[in-house]
Amino acid sequence: MQLDYNKFIINAEIEEFSEIFSEPFYQGFIKGFYQGVKEERERRTIEVISNCLALDLSLDVTASIANISVEEVQQRIKENHLN
């Protein structure tokens, strides 16, 4: 009788890592990933607004570049003290 070592190793790896790749792990990973994406978008938006203010562009132009509304631009300027 000959053992199939490849099958044995694959099965052992699946059993060993089954807890790591469980459903809660994936949910936490995806939630953390989206949170990071959201924070990065916010940083980039603030950076765009800051650069537009430095170039003395109007709020309409700034809003179109940042792809948000004029009210949101005004709110972010106020929240981040970009006056």
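Scanning the range 1-58 for residues that are open to solvent by 100 Å² or more (accessible area, probe 1.4 Å), modelled with pLDDT under 80 and among the acidic types (Asp, Glu) gives GLU15, GLU16, GLU19, GLU23.
Hey, can you tell me all the residues within the range 71-83 that are assigned to a helix (DSSP H, G or I) and either among the hydrophobic types (A, V, I, L, M, F, W, C) or surrounded by 12 or more Cβ atoms within 10 Å (Cβ to Cβ) (or both)?
First, the residues of the range 71-83 that are assigned to a helix (DSSP H, G or I): 71-79.
Across the range 71-83, the qualifying residues are GLU72, VAL73, GLN74, GLN75, ARG76, ILE77.
Just for the range 57-74: of the residues that are over 13 Å from THR45 (Cα atoms) and of a type in the set (D, E, K, R), which one is farthest from the chain's Cα centre (by Cα)? Across the range 57-74, the extreme among qualifying residues is ASP60.
The one condition from (1) in contact with a helix residue (DSSP H, G or I) (Cβ under 7 Å, 6 or more places away or on another chain); (2) open to solvent by 80 Å² or more (accessible area, probe 1.4 Å); (3) part of a loop (DSSP other than H, G, I, E, B) that ILE68 does not meet is (2).
Close Cβ contacts (under 7 Å, 6 or more residues apart or on different chains) running from residues in the range 42-55 that are touching a residue at least 12 places away in the same chain (Cβ under 8 Å) to residues that are of a type in the set (S, T, N, Q) comprise ILE46/ASN80; ILE49/THR62; CYS52/THR62.
The values are calculated or read from the model by the stated rules, or taken from the named source; none is laboratory data. In this text, all values refer to a predicted model and were calculated from it rather than measured experimentally. Glycine gets a Cβ as well: all are built from the backbone with ideal geometry, and neighbour counts include every protein chain shown. Calculation scope for accessible area: heavy atoms of the full protein, side chains included, ligands and nucleic acids excluded. Shrake-Rupley method; radii C 1.70, N 1.55, O 1.52, S 1.80 Å.
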